[in-house]
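Here is the structure we will look at, set down as structure tokens.
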Amino acid sequence: MDEMTDVYTVRRDKPPFPRIGWTLFAVLGITTFLQFAGAAVVYLLAPQLLGTSWFIWALSFAPLYFVAVPIGYIIIKPVPKLLVPKHKMSFGKLIAFLAMSFAVMYIGNIIGILVNAGIGALKGSTPTNPLEEFLTGSSIYIELLVVVTIAPILEEYIFRKMLIDRIRVYGEGTAILVSGLMFGLFHGNLSQFFYAFGLGCLFAYIYLRTGKVRYTIILHAIINGFGVLMAQLVAKSANTGALNMNEENTEELINAVQSNLPQYIVTGLSGLAVLALFISGVVLLIANRKKAVLYITPKELPKQGRFKTVFVSWGMGLFVLLSVGLMVYTALA
């Protein structure tokens with residue numbers, strides 16, 4: 001029997017999108033509730049903990065990874081899967097996708113900055129990027145463990161493998177859109193939404209063509225790792241005060257620059273590497289835009305009524321509403 005019809009034998013005619021919406025709503029809702037409740041309790045009983053980076057990290061990620069995600073898995077587990085055929089990706093293609101990932105990320109980041117600037121002009125202050133504030137000044141060891149290791153593994157498993165295996169039967173284009181959009185919305189802030197949406201779509205395509213989530217985990221980890229590195233370098237540069245243009249003692253300024261020269265060199269080289277990846281990524285995206293292939297699947301949704309089938313349900317509606325609510329909250333806070 002054909003693979004597509006063999007693995008997809010349960011509840012063929014019942015689209016999984018409402019249950020997927022309930023799954024993501026439960027994960028995001030439980031996480032948000034436990035974070036706010038935990039912060040409130042600690043504020044009353046031990047407010048000094050709110051000033052420690054390790055507790056903020058624990059409060060931010062423990063409810064998600066140890067409570068919400070397992071509950072979400074229980075909710076979505078009954079949905080049947082259409083397994084993605086597995087193919088190897090060459091090292092050269094992986095590097096090419098890395099460059100494209102940087103291009104997508106920075107284009108999305110620029111859009112996010114412009115949107116936040118518009119909001120800032122209306123309310124009188126520019127919304128901050130929660131991720132940048134989170135990374136600046138935190139322990140690099142915690143960042144490497146959570147942001148570079150745990151987060152890429154779990155997020156790629158959830159938004160690529162767990163979702164796409166269950167959505168692909170309704171169309172690969174639909175799977176890419178839902179995976180990317182849910183990934184972007186799940187971040188809950190405008191600063192990250194646009195580039196997370198773009199990266200989510202790109203990673204979804206990679207998973208569809210390889211069937212192996214390890215490739216997207218690697219790309220996700222590299223991108224997050226670069227973000228951690230840049231945040232650490234920026235924080236150290238800000239703390240040194242070496243380039244304070246108000247410094248009256250020129251000799252002290254020169255000494256400060258010399259003592260921190262390796263750090264500035266690394267920062268400069270990192271910036272050049274990003275620029276090179278961005279330019280090459282844009283070129284690759286343009287050159288390969290017509291080479292992307294989407295295959296027909298057994299339950300491909302017709303264009304007419306597709307939006308309603310995918311997004312119009314209580315589960316999806318509540319998840320989108322909660323995500324947008326968090327975006328508004330972070331933008332106006």
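The values are calculated or read from the model by the stated rules, or taken from the named source; none is laboratory data. Owing to the predicted nature of the structure, the values given are computational and were not obtained by experimental measurement. We place every Cβ from the backbone using ideal geometry, glycine too, and count neighbours over all the protein chains shown.
With respect to N260, is the statement that it is at pLDDT below 95, among the polar types (S, T, N, Q) and over 20 Å from K93 (Cα atoms) true?
Yes; evaluated as a whole, the condition is true for this residue.
Tell me, which residue of the stretch 168-202 that is among the polar types (S, T, N, Q) and assigned to a helix (DSSP H, G or I) is modelled with the lowest pLDDT?
In this case the residue turns out to be S191.
Would you check which residues across the stretch 302-333 are surrounded by fewer than 18 Cβ atoms within 10 Å (Cβ to Cβ) and in a loop (DSSP other than H, G, I, E, B) and list them?
Within the stretch 302-333, P302, K303, Q304, G305, V312, A333 meet the criteria.
Looking at (1) closer than 26 Å to T52 by Cα; (2) modelled with pLDDT under 95, can you tell me which one K123 breaks?
(1)
On the given criteria, is Y73 within 21 Å of A221 (Cβ to Cβ) and within 22 Å of the chain's Cα centre (by Cα)?
Criteria not met by Y73.
Inside the stretch 282-306, can you point out the residues that are within 26 Å of I107 (Cα to Cα) and out of contact with any Phe, Trp or Tyr (no Cβ under 8 Å at 6 or more places or on another chain)?
Residues satisfying the conditions are V282, V283, L284, L285, I286, A287, N288, R289, K290, K291, V293, L294.
Can you name the residue in the stretch 126-142 that is farther than 17 Å from N189 by Cα and of a type in the set (A, V, I, L, M, F, W, C) and is also modelled with the highest pLDDT among such residues?
I142
Please work out if L59 is in contact with a Gly (Cβ under 7 Å, 6 or more places away or on another chain), in a helix (DSSP H, G or I) and surrounded by 15 or more Cβ atoms within 10 Å (Cβ to Cβ).
Criteria met by L59.
Please verify whether the stretch 68-89 includes one or more residues that are more than 30 Å from P16 (Cα to Cα) and not in a helix (DSSP H, G or I).
no
Would you check if I113 is of a type outside the set (G, A, S), at pLDDT 95 or above and under 27 Å from L24 (Cα atoms)?
Taking the combined requirement at face value, the residue does not satisfy it.
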